[in-house]
Amino acid sequence: MAVLEIDDDTALVAPVAKRRKLGGLFLCAVAWILLIGLAAVFAAFLPIASPTDMDMLGKRAPPSAAHWLGTDSLGRDMLSRLIYGARVSLTVGLLSSVIGVTVGGALGMLAGYFRGRLETFTVGGVDVLLAFPPLVFLLAVLAYLGQTVLNITLVIGVLSIPAFTRVARAVTLSLSEREFVVAARALGATHSRILLRELLPNVSLPLVAFFLLGVAVTIVVEGALSFLGLGVPPPAPSWGSMIAEGRESLDIAPWLAFLPAGTMFITVLAFNIVGDTLRALTDPRPGAL
Amino acid sequence: MTNPPLLSVEGVSVELPTPRGQLLAVDKVDLEVAAGRTLGVVGESGCGKTMLSRAILQLLPKKAALSGRIMFDGQDMVQLSPEALRRLRGPSLAVVFQNPMTSLNPVLTIGTQLIETLQAHMGMAAPAAAKRGIELLAAVGIPAPEQRLRQYPHQLSGGMRQRVAIAIALSCEPKLLIADEPTTALDVTVQAQILDLLAREQQRRHMAMILITHDLGVVAGRTDEVAVMYAGRVVERAPTTTLFSHMRMPYTAALLAAIPKLDSPPHTALPAIAGRPPDPTRPLRGCSFAPRCSRADDRCQAAKPPLDTADHIGGQYACWHPLQPAAVARA
């Protein structure tokens, strides 16, 4: 039988072209996230001063060989505090987004796939959570349960569920209409199989992109909480509380506020760039399918 | 036909709720398909062909109301539990959809989709399933199947994707394959290849097949029996050769006349069927084709013609004023 369809060439070239689109900015962003992440994870093993040791004779010292980024108003090493502060920011940022993406993603997929009453309840619950003023919720919970990293993570995580639910539900709704889902059912696939094997791979790409944007937002939220004194209690360092402390000496030692602010800015920007790039990669695909 | 039919659809109706009222998508349809035979279901867009196929597969939208019996291999599909139904699909019943662009999962490789089906239904181990997957892809005429297994649907052409979809449908050795407009989204040259492929596999596997299409030309050489649907009803049903030689229903004749012919001179106007199908939310009292039919009279407006056994062998038609075999040419 003569079956000739010549598309080998195009098919083999395609994956190479895609890699080139990522660009230098994306790589810089990934490198920065890796740098911050590794420093935070291995902070205890790095040859840096303790973040809480005070050097009362060297308060607000400019950068020097002993203190690469200077010291703060209590003589504590800024570099060390930045790295330990990254621990808090990244832990809260990543973990609370993980909570949001798993709970919200699961709820959204179930609601979008099964529809009916489950969807009504999920969407209703999500709307209630969205309508609740988030800052009031945060203040109330943290005031009662205490300002620990775990509590902050949990509360921000719960608050991020609605957004993920909506994204997951919207994507699942449009995918469930596709014939490959009907085809899978026509082949006798179970609901769980369709959800996990057919839909999840499709939903996960937009969710991962949204997850990274969520991390960026959460880092800012944690910073704002710490700035307001509602984050991890002192003396544990956090970028937000460092900015708050540095604010008092902006005129004599501006780096005390600008260093943590800059670090947070670059980190948030990096997560946004990575998230945006991934989103851009996934966006044109539905049109091409 | 001596042995009982593999599939018999008895008085099946499908009603869909719409904002404009109940829509009668399928109206008391009776069909039969014996093992190893091919039935063509022909009709224009919106005549209920797809809803009928979804009813047979029990994959109707949740809101749809189904009545009637669908006997498959001695079991009433309508009464089966969801679990029993699920086990029936795949190994017994499979389907090929119209659009191969959307019927394959875009983010999984061809291999994953094909091999997982084999593992799930045939209980094959991964290496055996991979080997069988390559065989299946080769059987549906895909060159270099080993490489195709690692590719994603978007890396294949439309015809290739439809071949993959057919390979997946055939992977569980179904007894009945429903092909729902399998070639509508494809190039004309590829259409013939896909239809030949379906016919060949149907013959080789002694599988029953329902070929749903809007093109009478598609069913002409490739089916044993044809059912013509209009506005949710079967309006003519006959063995394929009888249908084309002794066409009785004016609608069927009009459909046939609407196919462009190679031997007609250039710039000839194509005889299209005037008007549109009736609004399915407001069923007509009489024959649903009457408003568009040149032979319609008062009787056609007043009463629905039943699907009667015709005077010739094996055919049935629903018309008060059937065409005489000689009159087909003029219609």
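Taken together, the values in this text are just the output of simple stated rules run on the coordinates, not laboratory data. What you see is a predicted model, and the numbers here were worked out from it, not measured in a lab. Heads up, the Cβs are rebuilt from the backbone with ideal geometry, glycines too, and the neighbour counts pull from every protein chain shown.
Summary of packing: across the peptides A:63-72, A:86-95, A:42-51, the per-residue average of other C-beta atoms within 10 Å ranks them, highest first, as A:86-95, A:63-72, A:42-51. Could you state the angle between the C-alpha long axis of helix A:23-41 and the longest principal axis of the C-alpha atoms of chain A, as a value from 0 to 90 degrees rounded to the nearest 10? Orientation of helix A:23-41: about 60 degrees from the principal axis.
Which net charge results when you count Lys and Arg as +1 and Asp and Glu as -1 among the other residues whose beta-carbon is under 9 Å from that of B:LYS304? Neighbourhood net charge equals +2.
Counting only other chain Cβ atoms within 10 Å of each residue's Cβ, the peptide A:187-196 averages 5. Peptide B:187-198 has a mean of 1 when you count, residue by residue, the C-beta atoms of other protein chains within 10 Å of its C-beta.
Of all DSSP bridge pairs formed entirely within the protein assembly as shown, close to 60 percent run antiparallel.
Mean-square fluctuations from a GNM of chain B, with a 10 angstrom spring cutoff on Cα atoms, peak among B:SER103, B:SER13, B:SER81 at B:SER81.
Relative to the dominant Cα principal axis of chain B, helix B:188-205 is inclined by about 70°.
Peptides B:109-118, B:149-158, A:237-246, A:145-154 ranked from most to least packed, by the mean per-residue count of other Cβ atoms within 10 Å: A:237-246, B:109-118, B:149-158, A:145-154. In a simple Cβ point-charge model (Lys, Arg +1; Asp, Glu -1; nothing else charged), chain A has a dipole of about 360 debye relative to its Cα centre. Taking A:VAL221, A:VAL141, A:VAL98 in turn, the Gaussian network model of chain A (Cα-Cα springs below 10 Å) assigns the largest fluctuation to A:VAL141. Report the local net charge at B:THR281: Lys and Arg +1, Asp and Glu -1, summed over other residues whose C-beta lies under 11 Å from its C-beta. Result for the neighbourhood of B:THR281: 0. Based on C-alpha pairs under 8 angstrom that are at least 6 apart in sequence, region A:70-175 has a relative contact order of 44 percent. Take each peptide in B:69-77, A:104-112, B:124-132, count the other Cβ atoms within 10 Å of every residue, and average; sorted highest first, the result is A:104-112, B:69-77, B:124-132. The mean count of C-beta atoms from other chains within 10 Å of the C-beta of residues in B:58-71, rounded to a whole number, is 1. Per residue, the average separation of C-alpha pairs within less than 8 Å and at least 6 apart gives chain A a relative contact order of 22 percent. To the nearest ten degrees, helix B:126-139 and the longest principal axis of the Cα atoms of chain B are 40 degrees apart.
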